[in-house]
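*Asks:* Structure below; questions to follow.
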Amino acid sequence: MSETAKLELDGKVIDLPVITGSENEKAIDIRKLRAETGYITLDSGFGNTGSCKSGITFLNGEKGILRYRGYPIEQLAEGSRFMEVAYLLIHGNLPKENELNFFEEKLTSFATLPEGITNILDQFPADAHPMGVISSVISSLSAFYPEFLKSDLTEVDKDRAIAQLLAQTKIITAYFYRKSRGLAPHRSHPSLGFAKDFLNMMFFEEGKEVDDEVAKALDVLLILHADHEQNCSASTVRVIGSSHANIFATISGGIDALWGQLHGGANQAVLEMLEQIKQAGGDYKQFIEKAKDKNDSFKLMGFGHRVYKNFDPRAKIIKKACDTILDKLGVDDPLLDIAKGLEQEALNDEYFKERNLYPNVDFYSGIIYKALGIPTNMFTTMFVLGRLPGWLAQWKEMREDPDARIARPRQVYVGESTRNFVSLKDR
Ligand code: SDX
C-alpha cells in the first residue's frame, strides 16, 4: 500500500502520494496539486522543494554526511583521484583500470583548443575576472562545435561533449591565466594526470617540475568540490539543460551561478575578508560583531550552509589538509591563524550556534589555493574545475530521465489587478 499525505483544502481532503528515497528521505509528490485543487505551493529559495529524483550525491545536513554514488567523501578523498571520481559521478560506478584509461584517453583528443577559441581568449583585457572569461569562452565553444546544437544527442555525443569540457575547461583556465600575465601559453600534457597537468600549464618554467604532493593536494580539493546535489549552480545547469539548450550554454550558465559570493564566489570573498581582518590588526572579533549586526549586510564568508546544520564534512578535510600542505610548502600564512581564531570565536558565539552556522567548503580552501600560487581572483575557477563533473553528471541524469520536463515554476501574483490603458497625452 503506497503511503499518502492528506491535505484538507476548502472542506475537501485530497490524498497526495508520498515518495521515499533510498536513504528514507520523504517527499510529498505535488505534481497533481494545481490540477486537483487550483492551489500551488510557495517556497522562496526552494529550501523545502525537491526538483528531481537523483542517484548521484547524497547529503545529510544534520549528520554532516556527503556521499558520491554511495561512497563517503572521506574515503574518496583518501583513496581515489579526481578522474576516478569524475567517472564515478558521470557513469555511476568506480571505473575498472581499462574503463578509467579509456575515459582519460578520450580527454587527450581535446588537449588543444581550436584557434578561434584562443583568438577569443586573446581579446579579453588582462584584468578581466577569470569567471567571466571562462563562462563566455565555454559558451562560445558552440560556435566551433555546431554538431552539439541538436536536441537529440546520442550516447556518443554526450560522452564526447563531456570529455571535451573536462579537458578544455582546464586548458582555457590556464591559458587565460598565463596570457593575463604576458606569458606564452603552455600546452596540456594529459599523461601528467589532471591536477599536475593543470598546474604545469599554469606555472610552467623551463627545468622546473610540479611537485607531486602539491598536485595531489589539488587533486583532493577537486574531489571535494566535484558535486553537491541540487546546489544553486547544479540546479541552474538542470534548468537550462531542461530546455534542451546545448551543453556549452548549459555549463556556461552553471559557471555564472557559481560566481556569486553566496555560492562558489565565497572562496574568493573569504580570502578578501581574512586580508581585511589582517589589515585591521587581526581583530576578528569586530568582524564577528559586524556579521551579527542586522543593519550591516556583512556576512561571515565561508560560514553557514543551506543544508549543513552541522560541520560541512569537506571543510573538516580541507582544514586538516591546510596544515599539512602549508607545512610541506614551508608556507607560514598568518591568514590561517586568523581563520582558525575566527572559527573558534564564531563556534563559541550564541548567534552562530543558534543558527547552526559552521565553516563550509569555502572557508579554508582559499588558504590552500593561495599556498599553491593560485591568484585570489581565480579561486572560484578552481571550484569550476572541481564541480564540472558534477554538473555534467546532473545534466546527463536529467537528460536521460523519462520524467524530466522543461523547468517552469509558477508564482503567486501580487501586482496590480486589471486596469485600462491611458494614452500618454492623458496621463
Ligand atoms: C557553497 O548549496 C550548496 O551545496 C553550496 C555549496 C556547494 O558545494 O555547491 O556547498 C557551496 O555555496 C557554500 C556556501 C558559500 N557561501 C558563503 O559562505 C556565504 C556566507 N553564507 C551565507 O550567505 C549563507 O549561510 C548561505 C548563502 C550559505 C546560506 O543561506 P540560507 O540558507 O538562505 O540561510 P539564511 O540566509 O536564511 O540564514 C539563516 C540565518 C539568517 O539570520 P536570521 O534572519 O535567522 O536572524 O543565519 C544568518 C542569516 O542572516 N546567516 C549568517 C550567515 N549565514 C547565515 N549570518 C552571518 N554570516 C553568515 N555567513
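Readers should treat all values here as calculations from the given coordinates under stated rules, not as data from a laboratory. Source: prediction; values computed, not measured. Note that we place each Cβ from the backbone using ideal geometry, even for glycine, and neighbour counts take in every protein chain shown.
*Asks:* For K53 and D157, what is the calculated FRET efficiency with R₀ set at 25 Å and r taken between the beta-carbons, to the nearest 0.05? Show your work: numbers first, answer last.
*Replies:* Numbers: r = 24 Å, r/R0 = 0.97.
Between K53 and D157 the formula returns 0.55.
*Asks:* Continuing with this model, one more query. Expressed in nm to one decimal, what extension gain is obtained for the pair V412 and E205 from 0.36 nm per residue of sequence separation less their Cα-Cα distance?
*Replies:* On the way: separation 207, 0.36 × 207 = 74.52 nm, distance 5.84 nm.
Result: 68.7 nm gained on full extension.
*Asks:* Percent of Cα-Cα pairs per 5 Å bin, from 0 to the last occupied bin, for the stretch 226-369, please list those.
*Replies:* In order of increasing distance, the bins hold 2, 9, 17, 20, 18, 13, 10, 6, 3, 1, 0 percent.
*Asks:* Something else about it: For the stretch 233-279, what are Rg and Dmax over the alpha carbons, in angstrom?
*Replies:* Considering the stretch 233-279 through its Cα atoms, Rg and Dmax are 14.5, 48 Å.
*Asks:* Residues with amide H under 5 Å of R69's amide H, sequence separation 5 or more or different chain, H placed in the peptide plane at 1.01 Å from N; which?
*Replies:* T57, F58
*Asks:* Still on this structure, I have one more. Between E354 and H189, what's the calculated FRET efficiency when r is the beta-carbon distance and R0 is 51 Å? Round to 0.05.
*Replies:* Numbers: r = 51 Å, r/R0 = 1.01.
After rounding to 0.05, the efficiency reads 0.50.
*Asks:* Can you give me the three principal axis dimensions of the stretch 45-193 from its C-alpha atoms, in Å, biggest first?
*Replies:* Rounded to whole Å, the extents work out to 47, 42, 36 Å.
*Asks:* In percent, how large is the relative contact order of the chain, given Cα pairs closer than 8 Å and 6 or more residues apart? List each step's numbers first, then the result.
*Replies:* Values: 552 pairs, mean separation 83.1, N = 427.
Value for the chain: 19 percent.
*Asks:* Using r as the Cβ-Cβ distance of K309 and Q286, and R0 as 22 Å, what FRET efficiency do you calculate, to the nearest 0.05?
*Replies:* Working: r = 27 Å, r/R0 = 1.21.
Calculated transfer efficiency: 0.25.
*Asks:* Diagonalise the Cα gyration tensor of the stretch 328-380 and give the resulting equivalent ellipsoid semi-axes, square root of 5 times each eigenvalue, largest first, whole Å.
*Replies:* Values: eigenvalues 128, 36, 10 Å².
Ellipsoid half-lengths, sorted descending, are 25, 13, 7 Å.
*Asks:* Once you've got the GNM for the chain with C-alpha springs shorter than 10 Å, pick whichever of V239, V210, V384 has the biggest mean-square fluctuation.
*Replies:* Checking each option, the largest mean-square fluctuation is seen for V210.
*Asks:* Given the convex hull over the Cα atoms of the chain, what projected area results after averaging over all orientations, in nm²? Numbers along the way, then the final one.
*Replies:* Values: hull surface 112.0 nm².
The number I arrive at for the chain is 28.0 nm².
*Asks:* Which pairs break 23 Å Cα to Cα here: K216/K353; K170/K299; K170/K396; K328/K353; K299/K319? It would help to have the intermediate numbers written out before the result.
*Replies:* Values: K216/K353 34 Å; K170/K299 31 Å; K170/K396 20 Å; K328/K353 34 Å; K299/K319 20 Å.
Check vs 23 Å cut-off fails for K216/K353; K170/K299; K328/K353.
*Asks:* Using only C-alpha atoms and all pairs of different ones, pull out the Kirkwood radius for the stretch 290-364 in Å with one decimal. Let's see the in-between values first.
*Replies:* Working: mean 1/r = 0.0757 Å⁻¹.
After inverting the pairwise mean of 1/r, the radius is 13.2 Å.
*Asks:* Hand me the trypsin sites (Lys or Arg not before Pro) from the stretch 207-250 located in a DSSP loop with no more than 14 other Cβ atoms within 10 Å, in residue order please. If you can, show how the numbers build up before the last one.
*Replies:* Numbers: sites: K208, K216, R238; in loops: K208.
Filter output for the stretch 207-250: K208.
*Asks:* Additional query: Show the residues, 5+ positions off or on another chain, whose built amide H is closer than 5 Å to the amide H of A5.
*Replies:* Sorted by chain and number, the residues that satisfy this are L16, V18.
*Asks:* Can I ask one more? Given 5 Å bins starting at zero, what is the percent of C-alpha pairs of the stretch 4-65 in each, up to the one with the largest pair distance?
*Replies:* All Cα pairs, binned at 5 Å, distribute as 4, 13, 23, 23, 17, 11, 6, 3, 0 percent.
*Asks:* Hey, another quick one. Report P(r) for the stretch 324-427: all Cα-Cα distances, bin width 5 Å, range 0 to the bin holding the largest distance, values in whole percent.
*Replies:* 2, 8, 10, 10, 10, 10, 10, 9, 8, 7, 6, 4, 3, 1, 1, 0
*Asks:* Shifting gears a bit: How much length is gained if the chain between K106 and H91 is pulled fully straight, taking 0.36 nm per residue apart and subtracting their Cα-Cα distance, in nm to one decimal?
*Replies:* On the way: separation 15, 0.36 × 15 = 5.40 nm, distance 1.44 nm.
Extra length from K106 to H91 when fully extended: 4.0 nm.
*Asks:* Quote to one decimal, in nm, the extra length available between E400 and I14 on full extension: 0.36 nm per residue of separation minus the C-alpha distance between them.
*Replies:* 135.8 nm
*Asks:* Using DSSP to define loop residues, name the trypsin sites (Lys or Arg not before Pro) in the stretch 112-178 whose beta-carbon has at most 11 other beta-carbon atoms within 10 Å.
*Replies:* K150
*Asks:* State the number of lysine pairs found in the stretch 4-65 whose Cα atoms come within less than 25 Å, restricting to pairs 8 or more positions apart or on distinct chains.
*Replies:* So the count works out to 9.
*Asks:* Another one. Mean separation of Cα pairs under 8 Å and 6+ residues apart, divided by the residue count of the stretch 235-350: what relative contact order is that in percent? Don't skip to the answer; put the middle values down first.
*Replies:* Working: 59 pairs, mean separation 26.6, N = 116.
Here the relative contact order equals 23 percent.
*Asks:* So, one more: For the stretch 323-378, state which GluC sites (Glu not before Pro) are in a DSSP loop and have at most 11 other beta carbons lying within 10 Å of their beta carbon.
*Replies:* On the way: sites: E343, E345, E350, E354; in loops: none.
Within the stretch 323-378, no GluC sites (Glu not before Pro) qualify (loop, at most 11 other Cβ atoms within 10 Å).
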